[in-house]
Amino acid sequence: MKKIPLGKSNYKDIIDNECLYIDKTLLIKELMDLGSGVVLIPRPRRFGKTLNLSTLKYFFEKTEVDHSYLFEDKLIWKEEKYRPMQGQYPVISLSFKDIQDHDWQNVYEKFKKLISKEFENRLPDIESSLLGEKLNTYKRICASTASESDYSDSLYFLSEVLYNHYKQKVMVLIDEYDTPIHEAFLQDHNNYYEKMVRFMRSLLSPLLKDNPYLEKGVLTGILVLAKAGLFSELNNIDIFTLVDERFADKFGFTSSEVRQITCDYHLDDSFANIQSWYNGYTFGEVQGIYNPWSVLKCVGSAGKLNTYWVNTSEHKLLKEIISKASIGVQSHLWDLIEGKTISMKIKTTFTLPEVRRNSEVIWSLLIFTGYLTYNSSKRIGTKWIYDLKIPNLEIMGLFEDLIKSIFSETILNQDVNFFLESLITGKEREVQSYLEEFVLKHMSTWDVTEKESEKSYHMFILGLLVSLAGRYQVLSNREAGFGRYDITLTPRQTGDPGCVLEFKKVQDNETLESAAKRALDQIYRKEYAYELKSMGRDVIAYGIAFEGKKVLVLKENISG
């Protein structure tokens, strides 16, 4: 069996060391068949972007070493039209993945170092083509002593130098183009996001727009930030996101590819579990795309299931979104955690600051970063609506863990445990006391408005109940009996009671007590406890009423 290329993203190293390689070389055909001069292909983390750009580099780059042997048994070599393109172009290949730091000056120094290295590596081959001031500028960039203006123009300048030396237009490959901007956004307390965007625009715009020395440019990243001002002057970039048809099967593993891998590594019996944990993505019209990082890690661990992809990031932006989202967004997230789909409008292009103020952009961010996927889409007028879902068990676990961590940072864990134990043992006074204390200290952060106040309590208590997931099945807003309850807790082990929770806001001419009694009466009238009773479970029914920051909890026991 071939070695699993864990952590390897250099195409030549993978082939030379006889590692497992899933053949994606027809990406070359799709790319060259496009009329576009510049394409941007965003995909989630660790879905093969870096390896694919490395593949392009070894296919196209003109070097003294013949790299055609790397492709002779690959799918692209069967397409004779493309063979003459191998090894024919000068290539500028850069990755911005390490261009991140806590302030602008450090980030700028990293840009200088990256660019200087690209220049320095080429100097022995092309020095004979450089004369006068061009040679001086080139050497200043190599030595990291050039001006910011020189660095802003450096990649365009390099494309001109390479064209003049090789008499051939240049291929430009830029991996993780959006990482510097993403990280600048997360470091906004240091206030260099706008400065980053301006520098990136000055660096990339001359290189990619109307550049007479450019054959093709390929950029990869996670998000489409073209309208952030980064490419504001560019009208020649074609963007192919994961909702587009082109390149749909070139990133990530298809179902047939994973079946072959599990067969080759004698893990046929593990296929169903691997499917549940790492499958579920839709790219374009191709359904059943697998997370390649997790699949390879799982196969390399003899089929052991784990949160491999999830553990490669701190998920800072996702955590911020969930903790600061409106009650409406949090409610939809709970629907997703419960296995439901939600229909949302998706924007393929946005700015990162929009994420903090526009709920539509939150859903777009989650789908393009790989935390959500879609079942289907439809156009309504000029808008595209997508049916979103959590793709697999690995991501489901991430959402549950993040919600737990968010609540554990808001409230002491022992307080949460006290509340939960009081709830399932029927101690309504302790439950009320806990809610009253929390409301007084924290409720303003939950955007309690007159319109959404009932949802606020609902979402807050749901967040607390995540900690019970191992002991109880927590369900929200499901049909039961003759209506739709707020929350039920179905015990997973013998001896534990079930719980039904109903929330009521005090209406005009009503007291807290009458509102709580109305909630209990609804539980009885609409038979919300019917399924729990049919299982032979005792049930604790809670009517929870609130008026602003005042809370009252009433309880009744229902025999199973």
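The values are calculated or read from the model by the stated rules, or taken from the named source; none is laboratory data. This is a predicted model, so every value here is computed, not measured. Every residue, glycine as well, gets a Cβ built from its backbone with ideal geometry; the counts of neighbours run over all protein chains shown. Only protein heavy atoms, including side chains, enter the accessible area calculation; ligands, DNA and RNA are left aside. Shrake-Rupley method; radii C 1.70, N 1.55, O 1.52, S 1.80 Å.
Here are some notes:
- Per-residue Karplus couplings for the stretch 154-160, computed as 6.51 cos²θ - 1.76 cosθ + 1.60 with θ equal to phi - 60°, are listed in order as 4, 6, 4, 4, 5, 5, 5 Hz, Gly and Pro entered as x.
- Amide H contacts under 5 Å for Gly288, placed H, 5+ residues apart: Gly280, Tyr281
- The string of couplings for the stretch 339-345 from the Karplus curve (6.51, -1.76, 1.60, θ = phi - 60°) is x, 7, 9, 10, 9, 9, 7 Hz, one whole number per residue in order, with x for Gly and Pro.
- For the stretch 61-66, putting each phi into the Karplus relation 6.51 cos²θ - 1.76 cosθ + 1.60 with θ = phi - 60° gives couplings of 5, 8, 9, 5, 8, 7 Hz, in residue order, rounded to whole numbers and with x for Gly and Pro.
- With the convex hull drawn over the C-alpha atoms of the stretch 489-560, the volume per residue is 78 Å³.
- Net charge of neighbours whose Cβ lies under 15 Å from the Cβ of Lys345, counting Lys and Arg as +1 and Asp and Glu as -1: +1
- Under a 5 Å amide H cut-off, with hydrogens placed 1.01 Å from N, Trp384 pairs with Ile346 among residues at least 5 apart or on other chains.
- Ordering of 59-69, 270-280 by burial proxy (mean other Cβ atoms within 10 Å per residue, highest first): 270-280, 59-69
- Net charge contributed by nearby residues that have their C-beta within less than 14 Å of Gly483 (K/R +1, D/E -1): 0
- For Ser294, neighbours were defined as the other residues whose beta-carbon sits under 15 Å from its Cβ, and their charges (Lys and Arg +1, Asp and Glu -1) total +3.
- Taking only the Cα atoms of the stretch 1-65, the radius of gyration and Dmax are 13.0, 40 Å.
- For the stretch 234-343, taking Cα atoms only, Rg and Dmax work out to 16.9, 50 Å respectively.
- Kirkwood hydrodynamic radius of the chain, from the reciprocal of the average inverse Cα-Cα distance over all distinct pairs: 26.7 Å.
- Rg/Rg_ref, the stretch 169-321, where Rg_ref = 2.2 N^0.38 Å and atoms are Cα: 1.29
- Computed over the chain: relative contact order in percent, which uses C-alpha pairs under 8 Å that are six or more apart: 11 percent
- Sulfur and carbon atoms: percent of accessible area, the chain [1.4 Å]: 45 percent
- Put a plus charge on the Cβ of each Lys and Arg, a minus charge on the Cβ of each Asp and Glu, and nothing anywhere else: the dipole of the stretch 242-297 about its Cα centre is then about 160 debye.
- A simple packing score, the average count of other Cβ atoms within 10 Å per residue, orders the peptides 282-294, 252-264 as 282-294, 252-264, with the highest score first.
- Backbone amide hydrogens, once placed in the peptide plane, bring Ile222 within less than 5 Å of Arg43, Asp178, excluding anything fewer than 5 places away on its chain.
- Of the peptides 380-392, 127-139, the ranking by mean beta-carbon count within 10 Å, highest at the top, reads 380-392, 127-139.
- Rg and Dmax [Cα atoms of the stretch 79-238; Å; Rg one decimal, Dmax integer]: 16.1, 54
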